Amino acid sequence: MSFTFRKDEAKGVVVLGVDGQLIVGNRHELKQKVLDALDDGERKFLIDFASTGYIDSSGLGVLVSLSKKIREVNGELRLAGLNDDLRTLFELTKLDSLFAINESAEEALAAF
Amino acid sequence: MRLSVRRSEPPPPEASDRQIEISLRVPTDLEVVEEAVDLVARHCLASGIPPRAARFRLRVALCEALSNAIVYGNRMDPAKRVDVSVVVTDTAVSVQVRDEGDGFDPSEIPDPTRPDRLEMSEGRGLFLIRQLVDEVRFNERGNSICMILHRA
């Protein structure tokens, strides 16, 4: 499992990709990447789950806490690339109501 | 981690169907959760349970049960272990996760989908397990959870 990190200069969006799992063992790494970028002045974030296997409740929890932090500084967070299984997790926990979710990273970028 | 797999194929005359048992002793370490989940899921897949159930529902549910056992059960004490035992039959997959903690009362866990709890960063583990598997049972002490996925 690993995270990819790039900046879409045209839109000024930090794009993070979750390759593998977002779970209890690696969630802090994702959180720290976003917090560091916030410290550097970044305000727009896209997390792409197109290459993600599964997410656990700790992973969902980190997304909730990041969403709060980004909102507090008037930033914007979008999620994209959720397959049916992953989307079900957001629906079951009603977190789909808390996040801006797009089908694909391209669609999400266009929406910023 | 110590994994042992016992297969009983073809079925003994007194058994109604074939049965595969997998047991795994997991250290109290959050870093090994993913590997333990993969190991169990791979053996379940090899036993022929539907790939989607093994790939997703089983993985997420087992991941939750293991982290709960490590964090809340064993309270991160490296001297303690978590025991996982899986029984795959023709009709169901049953996964039991037991820690060495004092147990808890599952009825005391609040609904994480309540509007006032929606933005909390914790408290969704047991809820997800209940949503993803067909049956959930606890022992009386509350330190062992049994999760059952029907194969039908």
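This table checks each residue for (1) of a type in the set (S, T, N, Q); (2) within 17 Å of A:Gly25 (Cβ to Cβ); (3) buried (at least 19 other Cβ atoms within 10 Å of the Cβ).
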position	(1), (2), (3)
B:Arg55	no, no, no
B:Val60	no, yes, yes
B:Ala65	no, yes, yes
B:Asn68	yes, yes, yes
B:Pro78	no, yes, no
Task: Hits in the range B:51-110 (condition: among the hydrophobic types (A, V, I, L, M, F, W, C), within 14 Å of chain A (Cβ to nearest Cβ) and part of a loop (DSSP other than H, G, I, E, B)) - done: B:Met76, B:Ile109
Task: Residue among A:Val64, A:Val18 that is within 14 Å of the chain's Cα centre (by Cα) and more than 12 Å from every other protein chain (Cβ to nearest Cβ) - done: A:Val18
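Residue-by-condition table, conditions (1) farther than 18 Å from B:Asn143 by Cα; (2) free of Cβ contacts under 8 Å to residues at least 24 places away in the same chain:
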{"site": "B:Val32", "(1), (2)": "yes, no"}
{"site": "B:Asp38", "(1), (2)": "yes, yes"}
{"site": "B:Leu62", "(1), (2)": "no, no"}
{"site": "B:Asp77", "(1), (2)": "no, no"}
{"site": "B:Val86", "(1), (2)": "no, no"}
{"site": "B:Gln96", "(1), (2)": "no, no"}
{"site": "B:Asp99", "(1), (2)": "no, no"}
{"site": "B:Pro110", "(1), (2)": "yes, yes"}
{"site": "B:Ile129", "(1), (2)": "no, no"}
- [ ] Just give me the residues in the range A:80-97 being in a helix (DSSP H, G or I) and either touching a Pro at 6+ places or on another chain (Cβ under 8 Å) or among the acidic types (Asp, Glu) (or both), in sequence order.
- [x] A:Asp84, A:Asp85, A:Glu91, A:Asp96
TODO: Identify the single condition in (1) of a type outside the set (A, V, I, L, M, F, W, C); (2) out of contact with any strand residue (DSSP E or B) (no Cβ under 9 Å at 6 or more places or on another chain); (3) surrounded by 19 or more Cβ atoms within 10 Å (Cβ to Cβ) that B:Tyr72 does not satisfy, given that it satisfies every other one.
DONE: (3)
Open item on the list: Out of A:Ala50, A:Ala110, I need the residue that is in a helix (DSSP H, G or I) and surrounded by fewer than 16 Cβ atoms within 10 Å (Cβ to Cβ). Which one?
Closed with: A:Ala110
Open item on the list: Which of the numbered conditions does B:Gly123 fail, given that it passes all the others? Conditions: (1) in contact (Cβ under 8 Å) with a residue 40 or more places away in the chain; (2) at positive phi; (3) within 14 Å of chain A (Cβ to nearest Cβ).
Closed with: (1)
TODO: All but one of (1) in contact with a Leu (Cβ under 9 Å, 6 or more places away or on another chain); (2) at the interface with chain B (Cβ under 9 Å from one of its Cβ atoms); (3) assigned to a strand (DSSP E or B) hold for A:Val24, so report the exception by its number.
DONE: (3)
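Since every read-out is calculated from the coordinates, none of them should be taken as a lab result. Every value quoted in this text rests on a predicted model; they were computed, and no experiment measured them. Cβ coordinates were reconstructed from backbone atoms using ideal geometry, including for glycine residues, and neighbour counts include every protein chain displayed.
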